[in-house]
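The values are calculated or read from the model by the stated rules, or taken from the named source; none is laboratory data. Just so you know, these numbers come straight off a predicted model, no measurement behind them. Here the Cβ positions follow ideal geometry from the backbone for every residue, glycine too, while neighbour counts run over all protein chains shown. For accessibility, only protein heavy atoms count, side chains too; no ligands or nucleic acids. Shrake-Rupley method; radii C 1.70, N 1.55, O 1.52, S 1.80 Å.
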Amino acid sequence: MMVFNLLRAEWHKTLRNPANWGLLGATVCILGGGLALVTLAGFKGPEQLARAQDVLPFPNNLRMTLQVLSAISGMLAVIFVANSVGGEYARDTWKMIIPRNHRRPALIGVKLLSGLAGIFILLAASVLVGGLVGMLGAAVLKIGPLGAFKPEILKAQAGALSGMGVEMLCYGMLALMATVAARSTIGGAMVGVLAIPISTVAVFSSQLAANVLPALHLNNIIGHWSGNNRTLAMCQAAFGGEVPPTTSLAIIAAYTIVFAVCGFVLFQRRDLAG
Amino acid sequence: MSPELALKTYDLSKQYKDVTAVQRLNLEVPKGSVFGFLGPNGAGKTTTIRMFLGLVKPTGGTAEIVGCDIIRDRHRLAQKISAIVETPAFYDYLTGLQNLEVFARFSNLPLGKKQLGELIEQVGLTGREKHKVKTYSLGMKQRLGIAATLLNNPEVIFLDEPTNGLDPAGTVEMRSTIAGIAQAGRTVFLSSHLLNEVEQICTEVAIVQKGEVKLHGKVQHLLAGGSTFRLKTSSPERTLGILSSHPGLSPVREDAVWIRIQAEETQIPWLIRTLQKAEIDLFQIHQERNSLESLFLELTGPAPAVPQATALNHKGEQAA
């Protein structure tokens, strides 16, 4: 009952937080805008039209939607978690919550659960908008809104979505740890947002970094699960050989657990001295 | 802990690396009292309250609030206490009512709209409860904060500087709200550095400095201890002469009219008879009350000197 009430309180805030609506709006605009640009490009010539034919009809349009989401999903998770946890520091509302409910891990836990639900809605809305805009674009270009249905496309997309889930969990926990350590949204978001590009650059500059840091292992997982051979070839080159997805998953799980434990322990032990 | 006590601390301490915020604090707060917790800025008042609320962990000692240990019995304690620490904090994108709903759920108290509406009415926010908190004035936020503290019908309420930032009308209103809370039999632990405020509403007081209790007692006892009287008579010179012959009164001529003496209350009838015999009319006599301000300054030392503005006369020239 207590967890249910906490979840309801947290969900109430998540749903009404204008920052979350802004994030949803921005994501949907990026996706819709991208597909609209592909549609406009389709009028320029036969080459662009062929590209539009490949991208816009359903279910192919989901591929591009997921590619875009995959590029920003880590950052989305970081911003979502940093805003959810850091917002309480910024508003100084922890001092109103903790005396009412001293179970600090439960408070963070429901935040993550609520964030997960929020991100799920964001992804679902993005996929829906991507699908609709793609079909609309296809109709405008008179290429038919429905493409040839191939089960492997859906399988690949499900794999990509699962990989994205793992990535969001890992970076979300990094953001949690950084936000609790910095006790601010900006601090947490900065660490999270900077860690992604820095580690991405690092993994392509050093084989050691590629093997040790989570960035390429996440790509390796997504590559395997979605059956994306280009991604797999890129990973293989950077790792200096093939790395099984289970190994990458174990490494990512280790990172996620360490980030989560550090975040929870820090939050449990630290004073909220104001 | 005695059942008459709402709160008792046992050498409660908090050390931040090389800074001692609270040092072996020992307090006893009777049930149903309005307890003033006084001290200059940085005296450790807020840290102490934060320790009571589980926001800050003590590094030494402990405290019991309504029979619950602040470290071991936090779950039970959460149902019995409530607080406003400094300025109340809210989700400004939610309405006042939605904020109360959220905090009620955090307290595991899914209160209905009717109960929340009653609380809103109690603090005088009816009509504004559906407006976003970002549109509220500080006074309204303080009132919403009071409503939030009453959600769990607590036995002890901690108020940390509740009138900070309020205008005079808001301060008076807050004072009457606090009095109303206390009338319901709750214990109010009020931290403040506004001595006048504490003097007006508190029944007990403790003065802390550098994390240590310097004075602790009932306000009426602390303020009633004055043994200084001021007299206004028809002949100050003769009065002074008569009283000077009586050892212990130490009469001092303050100005052309007033004489100050040190006396016990039991000596006053004698004094009146003596002046009457000498045919000196006594126009006024009054006892100088101790004020919390004088006690506070005596215990904590005067505030650091501020350079005084140069006095100018009416022509704008520097006065002699």
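Residues that are in contact (Cβ under 8 Å) with a residue 60 or more places away in the chain: find the helices (runs of 4 or more DSSP H) completely inside the stretch A:214-274 holding 2 or more of those.
Helices (runs of 4 or more DSSP H) meeting the threshold: A:214-226, A:245-269.
Collect the residues in the stretch A:239-274 that are among the polar types (S, T, N, Q) and surrounded by 12 or more Cβ atoms within 10 Å (Cβ to Cβ), keeping them in residue-number order.
Those that are among the polar types (S, T, N, Q) and surrounded by 12 or more Cβ atoms within 10 Å (Cβ to Cβ): A:T247, A:S248, A:T256, A:Q268.
Hey, can you tell me all the residues within the stretch B:220-249 that are at pLDDT 85 or above, within 38 Å of the chain's Cα centre (by Cα) and among the polar types (S, T, N, Q)?
B:T233
Taking the condition under 30 Å from B:L100 (Cα atoms) and either in a helix (DSSP H, G or I) or more than 14 Å from chain B (Cβ to nearest Cβ) (or both), does A:N61 pass?
no
Confirm whether A:K155 is basic (K, R), in a helix (DSSP H, G or I), surrounded by fewer than 17 Cβ atoms within 10 Å (Cβ to Cβ) and more than 14 Å from chain B (Cβ to nearest Cβ).
yes
Tell me the helices (runs of 4 or more DSSP H) entirely within the stretch B:98-191 that contain at least 2 residues that are without any contact (Cβ under 8 Å) to a residue 24 or more places away in the chain and more than 14 Å from chain A (Cβ to nearest Cβ).
Result: B:113-122, B:168-183.
Tell me, please, whether a residue that is modelled with pLDDT of 85 or more, open to solvent by 90 Å² or more (accessible area, probe 1.4 Å) and under 28 Å from B:S244 (Cβ atoms) can be found in the stretch B:286-300.
Among the residues of the stretch B:286-300, not one is modelled with pLDDT of 85 or more, open to solvent by 90 Å² or more (accessible area, probe 1.4 Å) and under 28 Å from B:S244 (Cβ atoms), which makes the answer no.
Within the stretch A:127-135, can one find any residue that is on the phi > 0 side of the Ramachandran plot, surrounded by fewer than 19 Cβ atoms within 10 Å (Cβ to Cβ) and either more than 14 Å from chain B (Cβ to nearest Cβ) or at pLDDT below 90 (or both)?
No: zero hits.
Taking the condition within 25 Å of A:N83 (Cα to Cα) and out of contact with any strand residue (DSSP E or B) (no Cβ under 8 Å at 6 or more places or on another chain), does A:F4 pass?
So A:F4 passes the test.
Give me the residue from the stretch B:7-21 that is away from chain A (no Cβ under 12 Å) and touching a residue at least 24 places away in the same chain (Cβ under 8 Å) and, out of that set, most open to solvent (accessible area, probe 1.4 Å).
Only one residue fits best here, namely B:Y10.
Counting only residues that are more than 11 Å from chain A (Cβ to nearest Cβ) and either under 28 Å from B:Q220 (Cα atoms) or touching a Ser or Thr at 6+ places or on another chain (Cβ under 6 Å) (or both), give me the strands (runs of 3 or more DSSP E) lying completely in the stretch B:29-90 with at least 1 of them.
Correct list: B:34-38, B:60-65.
If you go through the stretch A:69-111 one residue at a time, how many are facing another protein chain (nearest Cβ under 7 Å) and either assigned to a helix (DSSP H, G or I) or under 25 Å from A:P197 (Cβ atoms) (or both)?
So the count comes out to 4.
Could you run through the stretch A:1-17 and say how many residues are at the interface with another protein chain (Cβ under 7 Å from one of its Cβ atoms) and under 13 Å from B:Q98 (Cα atoms)?
The total comes to 6.
Read through the list (1) in contact with a helix residue (DSSP H, G or I) (Cβ under 7 Å, 6 or more places away or on another chain); (2) surrounded by 18 or more Cβ atoms within 10 Å (Cβ to Cβ); (3) within 30 Å of B:L109 (Cα to Cα), then give the number of the only condition that B:F35 fails.
(1)
So that you can scan it fast, the table gives a plain yes or no per residue for (1) farther than 22 Å from B:D11 by Cβ; (2) open to solvent by less than 50 Å² (accessible area, probe 1.4 Å); (3) of a type in the set (A, V, I, L, M); (4) more than 23 Å from the chain's Cα centre (by Cα):
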| site | (1), (2), (3), (4) |
| --- | --- |
| B:A43 | no, yes, yes, no |
| B:T48 | no, yes, no, no |
| B:E86 | yes, no, no, no |
| B:Y93 | yes, yes, no, yes |
| B:F103 | yes, yes, no, yes |
| B:N108 | yes, no, no, yes |
| B:L116 | yes, yes, yes, yes |
| B:E129 | yes, yes, no, yes |
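For the stretch B:138-158, which residues satisfy the criterion of being among the small types (G, A, S) and within 17 Å of B:Y91 (Cβ to Cβ)?
Result: B:G145, B:A147, B:A148.
Report the residue count in the stretch A:73-94 for those that are in contact (Cβ under 8 Å) with a residue 12 or more places away in the chain, over 16 Å from A:L113 (Cα atoms) and open to solvent by 10 Å² or more (accessible area, probe 1.4 Å).
4
When you check A:T27 against the structure, is it of a type in the set (S, T, Y), open to solvent by less than 30 Å² (accessible area, probe 1.4 Å) and at pLDDT below 90, yes or no?
Yes, satisfied.
Only residues that are farther than 16 Å from B:Q142 by Cα and of a type in the set (A, V, I, L, M, F, W, C): list them for the stretch A:78-98, please.
The answer is A:V78, A:I79, A:F80, A:V81, A:A82, A:V85, A:A90, A:W94, A:I97, A:I98.
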